[in-house]
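Have a look at the structure below, then the notes.
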Amino acid sequence: MQTKSAGIAKFDWVRASPWLCTFGLFVIWEASVWMFGIPYYILPAPTQIGYAMYEFSGALWFNSIQTLWTTLLGFAMAIVFGLLLGLFIGWDKRIYAGLYPLMIGFNSIPKIAVVPILVLWFGAGWLPAVLTAFLISFFPIVVNVATGLATIEPEMEDVLRALGAKKLDVMVKVGIPRSLPYFFGALKVAITLAFIGSVLSETIAANSGIGHMMLTAQANFEVPLVFACLIALAVEGIGMYAIMAGLEQRMTGWAHRSGFNR
Amino acid sequence: METFVDISDVALRYTGRAGSQDTLAVEHLNLKVHRGDFVAVVGPSGCGKSTLMKLATGLHFPSAGVVRLDGEVVNGPVSIAGMAFQNPVMLPWRSTRDNVLLPMEVVDPHRRQIRTNRTKYKLQADEILASVGLEGAGDQYPWQLSGGMQQRASLCRALIHEPELLLLDEPFAALDAFTREELWCVIRDLHQEKQFTCILVTHDLREAVFLADTVHVMSARPGQIIVSRTIPIPRPRSIEITYETEFAELTHELRGHIAEARG
């Protein structure tokens, strides 16, 4: 950027693009708030939110960490359970046919309706948050793993079965590696869902976490702090997504060989 | 010569979904293949050629009749057959060499030895890859290879465990004419060298006449063998013979039978 003519020619727009867009969004936001004279209790400007973040940095940090590990715990449960259930469902057409409608039905239930039940069973606190994160995020993992298994090429299955391969051989050699790109793709969706689940539960019944902090801030009319909580959540979400995407790239690079979006 | 594959009076009915009619894929199907023979099966589309392959390997069971392989009644997947299809179906996460070695990880006794003796198997895979003109391609991923090269690798995978029976289901149909002829020669040489029994299902009459000892013509569905024609051209055959009169006459004769079969 310093040597201007050469710098512009070599400037990597793809790498810079996310930062520029984010920065641009905040600039437009800030400008709009000042230009239209929007009061801070309706929509605070990014600078006001920034100040709230600084002012309450201790509490914000504590609650962010709380929400992060609650989410990750639920997410980890979703990975283990989702992977096992996905393999089980994808194992056989009959199991697939039998359990799929149940899965759809379960996933259609708004999780906000489930939280009170969880609170009833386990009491208010971190456990309902972990469970909500788990319940909301395992579905895409199950569906994707099962789909990966269900779409094995029939020729490939014939090749192996004509060699005397058992169902387990076909699964281990072909089915599971084949469903990994689907699995890692699902993790990216699932991690963001897990955040939604844990925060949802925290806003209903918890003593800590970003969700709880937002609720308190709202009650105290600290609107900039509410927004500060939202931004903290967004940052956590992006961070975890990036980790999942990196993992996907590392584990299943072979599945991303097309130059389609380059 | 001793009969290796014996399909006698076999029928196969595919059960459709509830309410729809069952499909009779083959009926009164009789086919005998001697050990070490190369036979080709030709016929109009949808005549049950692929069904015949699945019957021979025990992937499907006959609704009537008996399939025998090496004297034994087939009542499960046979576990000794190599197969190759029009679509090479390589696993994209494995190198070409590891794709070729896939059967070794499944077939006894190799599946127990491959872990401890990886180097030996690796050499064996490289050797067979070299024999089809794929020297040094073992480390590449299949999707880095051309269609013809993938099909060669697919043949290697079908042959690595030295099967007694090789089944080819239109393996060259998706390739260009020159590559196809090259691969005919690859198959011809491999058969010459290893003397396996081979059943080739194809639409291509020139391919059938060039490669096979006997060409069987199947009727339209429900399929059965209507003509079996021995190909008297001496081996080894060169591509040049495909331009000779005898060759042309044989293909022409078979073409007549297929036209009849289509009705």
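The values are calculated or read from the model by the stated rules, or taken from the named source; none is laboratory data. What you see is a predicted model, and the numbers here were worked out from it, not measured in a lab. Note that we place each Cβ from the backbone using ideal geometry, even for glycine, and neighbour counts take in every protein chain shown. Just the protein is used for accessible areas: all its heavy atoms, side chains included, with ligands, DNA and RNA removed. Shrake-Rupley method; radii C 1.70, N 1.55, O 1.52, S 1.80 Å.
Brief remarks on what is shown
- Scanning the stretch A:211-222 for residues that are in contact (Cβ under 8 Å) with a residue 60 or more places away in the chain and part of a helix (DSSP H, G or I), we see that the one that is surrounded by the most Cβ atoms within 10 Å (Cβ to Cβ) is A:213.
- Taking the listed residues A:141, A:191, A:231, the one that is away from chain B (no Cβ under 14 Å), modelled with pLDDT of 90 or more, touching a helix residue (DSSP H, G or I) at 6+ places or on another chain (Cβ under 7 Å) and surrounded by fewer than 20 Cβ atoms within 10 Å (Cβ to Cβ) is A:231, with no other qualifying.
- Within the stretch A:167-217, the residues that satisfy the criterion of being farther than 20 Å from residue A:85 by Cβ and under 13 Å from the mean Cα position of the chain (by Cα) are A:192, A:195, A:196, A:198, A:199.
- Meets criteria (touching a Lys or Arg at 6+ places or on another chain (Cβ under 9 Å) and farther than 20 Å from residue B:33 by Cβ) for residue B:173: yes
- Flag for residue B:134 being of a type outside the set (Lys, Arg), within 14 Å of chain A (Cβ to nearest Cβ), over 30 Å from residue B:227 (Cα atoms) and surrounded by 15 or more Cβ atoms within 10 Å (Cβ to Cβ): no
- Of all the listed residues (A:113, A:78), the sole one being of a type in the set (A, V, I, L, M), part of a helix (DSSP H, G or I) and without any contact (Cβ under 8 Å) to a residue 24 or more places away in the chain is A:113.
- Candidates are the residues of the stretch A:146-158 that are touching a residue at least 40 places away in the same chain (Cβ under 8 Å) and under 30 Å from residue B:108 (Cβ atoms); the one that is farthest from the other protein chains (Cβ to nearest Cβ) is A:150.
- Looking across the stretch B:205-244, just one residue is part of a strand (DSSP E or B) and basic (Lys, Arg), and that is B:229.
- Residue in the stretch A:121-132 that is of a type in the set (Gly, Ala, Ser), touching a His at 6+ places or on another chain (Cβ under 8 Å) and surrounded by 19 or more Cβ atoms within 10 Å (Cβ to Cβ) present: no
- Tally of residues being closer than 20 Å to residue B:192 by Cβ and either of a type in the set (Ser, Thr, Tyr) or in a helix (DSSP H, G or I) (or both) across the stretch B:120-135: 6
- When each of A:178, A:161 is tested for being within 14 Å of another protein chain (Cβ to nearest Cβ), closer than 30 Å to residue B:85 by Cα, crowded, with 23+ Cβ neighbours inside 10 Å and not polar (S, T, N, Q), the lone residue that passes is A:161.
- The stretch B:140-167: number of residues that are within 15 Å of the chain's Cα centre (by Cα), within 12 Å of chain A (Cβ to nearest Cβ) and over 21 Å from residue B:107 (Cβ atoms): 0
- Which listed residue is farther than 21 Å from residue A:223 by Cα, in contact with an Asp or Glu (Cβ under 9 Å, 6 or more places away or on another chain) and in a helix (DSSP H, G or I), from A:72, A:20, A:68: A:68
- Of the set (1) of a type outside the set (Ser, Thr, Tyr); (2) more than 13 Å from chain B (Cβ to nearest Cβ); (3) surrounded by fewer than 19 Cβ atoms within 10 Å (Cβ to Cβ); (4) assigned to a helix (DSSP H, G or I), all apply to residue A:225 but (3).
- Across the stretch A:164-174, the qualifying residues are those that are in contact with a Leu (Cβ under 8 Å, 6 or more places away or on another chain) and facing chain B (nearest Cβ under 7 Å), and the one among them that is most open to solvent (accessible area, probe 1.4 Å) is A:173.
- Search result, residues across the stretch B:43-57 that are open to solvent by less than 10 Å² (accessible area, probe 1.4 Å) and facing chain A (nearest Cβ under 9 Å): B:53, B:57
- Hey, residue B:208 farther than 18 Å from residue B:239 by Cα and either open to solvent by 30 Å² or more (accessible area, probe 1.4 Å) or away from every other protein chain (no Cβ under 14 Å) (or both) or not: no
- Residue selected from the stretch B:82-120 under the condition hydroxyl-bearing (Ser, Thr, Tyr) and surrounded by fewer than 15 Cβ atoms within 10 Å (Cβ to Cβ), by the criterion nearest to the other protein chains (Cβ to nearest Cβ): B:116
- Scanning the stretch B:136-146 for residues that are part of a helix (DSSP H, G or I) and either on the phi > 0 side of the Ramachandran plot or without any contact (Cβ under 8 Å) to a residue 40 or more places away in the chain (or both) yields a single hit, B:144.
- Residue B:154 meets each of the listed conditions (1) within 29 Å of residue B:91 (Cβ to Cβ); (2) in a loop (DSSP other than H, G, I, E, B); (3) of a type in the set (Gly, Ala, Ser) apart from (2).
- Single residue of the stretch B:58-81 satisfying the filter (part of a strand (DSSP E or B) and away from chain A (no Cβ under 13 Å)) that is most open to solvent (accessible area, probe 1.4 Å): B:72
- Residue among A:107, A:63 that alone is crowded, with 17+ Cβ neighbours inside 10 Å and within 28 Å of residue A:141 (Cβ to Cβ): A:63
- Test: residue in the stretch A:172-181 that is polar (S, T, N, Q), more than 30 Å from residue A:55 (Cβ to Cβ) and part of a helix (DSSP H, G or I): yes
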